[in-house]
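Reading through the structure tokens given below for one structure.
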Amino acid sequence: MTDDRDRDHSESDLSASKSSATDSSPEERYRKIFEYNNDAVMVVDLETESFLDVNPAACELLGYSHEELLSLHPEDIHPNDVERVREEFISQIYQEGSGFTDDLTCLTKDGEEVPTEISGAALNAGEDETEPTQMIAMLRDISDRVEHRQELEEKIERLDRFASIVSHDLKNPLTVIKGHVTLARETGDPEHFDAIENAADRMDEMLSELLQLTREGDLVGEQTEIELGALARDVWNDCEIESATLETESSTTIRADQDRLHELFANLFENASTHGGASVTVRVGTFDSEDKKGFYVEDDGDGIPADEQDTVFEWGQTTTRDGTGFGLAIVAEIVEAHGWEISVCDSEEGGARFEISQS
């Protein structure tokens with residue numbers, strides 16, 4: 001049971017608290033808003049471009065003490081944007097009495113760049129429309145927002161590349177279909193219809209994978225244990241590279257997305273055929289040295305000049321008239337998405353050797 005004296009005491013404290021809040025001056029209330037605001041708040045002298053006062057959040061954001069900040073000027077905080085701030089933000093303060101920009105990079109005491117948005121309002125503007133002499137500026141750290149925006153932009157770029165990957169890799173089964181359609185018309189052999197059906201099924205799988213990838217936003221889907229040599233031979237058969245030869249020198253079991261690994265081999269085989277000639281010999285195997293291990297694809301063709309080996313994985317880089325420059329860039333994307341690394345060098349026969357290192 002609650003004692004009446006306790007109840008009277010509590011009601012008295014509540015009444016006193018309300019009375020205190022009511023009796024506090026506007027200056028005191030604004031001072032508390034200034035001091036306890038989560039955003040950095042600064043009072044700026046517009047004539048001297050100096051700080052007249054700053055709140056604790058400003059000190060925390062920029063890494064300076066109160067005294068240090070008061071000794072600085074706005075151009076010390078955002079040296080790269082000061083002219084744009086004067087032209088765009090400060091001019092709004094003068095003309096409209098308030099201003100805003102969501103693109104201001106501030107420099108902390110430690111030299112770290114912090115993306116911010118800034119809003120401000122004029123102070124001490126005369127009733128006779130004289131220009132203000134001071135303004136209050138509020139800075140908000142938008143690092144999380146910028147990071148999220150960058151992630152979205154990267155995802156969009158990656159999805160664009162998905163489209164490039166699939167459109168590029170669809171060309172191989174389309175070529176197979178066209179070739180067997182011609183042979184089927186000439187010979188009527190039902191074996192060609194089986195090849196056409198298999199190529200069409202492969203295209204359907206690729207398109208289904210693209211749909212799934214665009215929904216998930218990842219280049220690599222489910223990873224399973226894959227026997228390297230067996231997959232390489234399956235891909236080689238799918239590519240139907242006439243006159244060329246595939247040799248599997250060694251094999252191992254790796255964990256990867258089978259469809260993406262299929263595309264990796266298909267692009268490397270196509271690259272060897274395109275640049276190594278119709279009778280090129282392609283070898284697939286594994287390596288295990290002191291500093292790295294993984295698998296390789298090499299050929300006995302003409303190889304890649306040393307001054308071009310650093311650029312072969314760039315998007316659009318090609319040395320043939322009808323090439324897209326996507327093949328090896330796609331390979332690099334798939335390798336990176338698995339957390340691997342790829343390098344290119346000369347094979348013992350003078351052709352190209354691509355080494356995929358697994359961490």
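Where a number appears in this text, it was derived from the coordinates with a stated rule and is not lab data. The structure displayed is predicted, hence computed values, not measured ones. Because the Cβ atoms are built from the backbone with ideal geometry, glycine has one as well, and the counts that use them run over all protein chains shown.
Net charge within 14 Å of ALA306 by Cβ-Cβ distance, Lys/Arg positive one each and Asp/Glu negative one each, not counting ALA306 itself? Spell out each step's value before the answer.
Working: positive: ARG353; negative: ASP302, ASP307, GLU308, ASP310, ASP346.
After counting each charged neighbour, the total is -4.
Once the other residues with Cβ under 10 Å from the Cβ of ARG140 are scored (Lys, Arg +1; Asp, Glu -1), what is the net sum? Kindly include the intermediate steps, with their values, before the conclusion.
Working: positive: ARG145; negative: ASP39, ASP102, GLU117, ASP141.
Its environment carries a net charge of -3.
What ³J(HN,Hα) values, in whole Hz, does the Karplus curve 6.51 cos²θ - 1.76 cosθ + 1.60 give for the stretch 185-192 when θ = phi - 60°, with x put for Gly and Pro?
Computed from phi, the couplings for the stretch 185-192 are 5, 7, 10, x, 5, x, 4, 5 Hz.
Only loop residues by DSSP count here, and only those with at most 14 other Cβ atoms within 10 Å; note down the chymotrypsin sites (Phe, Trp or Tyr not before Pro) in the stretch 231-277 that meet that.
Numbers: sites: TRP236, PHE265, PHE269; in loops: none.
Sparse-neighbourhood loop chymotrypsin sites (Phe, Trp or Tyr not before Pro): none present.
If I stretch the segment between THR311 and SER167 completely, what's the gain in nm (0.36 nm per residue apart, minus their alpha carbon distance), one decimal?
Gain on extension, THR311 to SER167, equals 49.6 nm.
Can you list residues whose amide H is under 5 Å from ILE342's amide H, if they're 5+ apart or on another chain and H is modeled 1.01 Å from N?
Hits under the 5 Å cutoff: SER357.
Please list the non-local residues whose amide H lies under 5 Å from the amide H of ILE142, H modeled 1.01 Å from N, same-chain partners needing a gap of 5 or more.
Placed amide hydrogens put THR116, GLU117 under 5 Å from ILE142.
Rank by packing, highest mean first: peptides 277-283, 146-152, with packing defined as the count of other Cβ atoms within 10 Å averaged across residues. If you can, show how the numbers build up before the last one.
On the way: 277-283: 17.6, 146-152: 11.7.
In decreasing order of mean packing, 277-283, 146-152 become 277-283, 146-152.
What three numbers, in Å, describe the spread of the alpha carbons of the stretch 25-141 along their principal axes, ordered from the longest?
Computed over the stretch 25-141, the largest-to-smallest principal extents equal 44, 36, 24 Å.
Can you check how the C-alpha radius of gyration of the stretch 225-282 compares to 2.2 N^0.38 Å, as a plain ratio? Let's see the in-between values first.
Working: Rg = 11.3 Å, N = 58, 2.2 N^0.38 = 10.3 Å.
For the stretch 225-282, the normalised Cα radius of gyration is 1.10.
Read phi for every residue in the stretch 270-278 and hand back ³J(HN,Hα) as whole Hz from Karplus 6.51 cos²θ - 1.76 cosθ + 1.60, θ = phi - 60°, with x for Gly and Pro.
In residue order, the calculated couplings are 4, 5, 5, 5, 5, 9, x, x, 5 Hz.
Across the stretch 335-347, in residue order, what do the Karplus-derived ³J(HN,Hα) couplings come to in whole Hz, using 6.51 cos²θ - 1.76 cosθ + 1.60 with θ = phi - 60° and x for Gly and Pro?
With the stated coefficients, the stretch 335-347 comes to 4, 4, 5, 7, x, 9, 10, 10, 9, 10, 8, 8, 7 Hz.
Rounded to the nearest 0.05, what FRET efficiency do GLU151 and VAL82 give with R0 = 51 Å and r taken as the Cβ-Cβ distance? Could you check?
It comes to 0.95.
Between SER143 and ASP201, what is 0.36 nm times their sequence separation minus the Cα-Cα distance? Round to one decimal in nm. If you can, show how the numbers build up before the last one.
On the way: separation 58, 0.36 × 58 = 20.88 nm, distance 4.62 nm.
Working it through step by step, the gained length comes to 16.3 nm.
Can you give me the long-range amide H partners of LEU123? Hydrogens built in the peptide plane at 1.01 Å from N, cutoff under 5 Å, separation of 5 or more residues or another chain.
Placed amide hydrogens put THR133, GLN134, MET135, ILE136 under 5 Å from LEU123.
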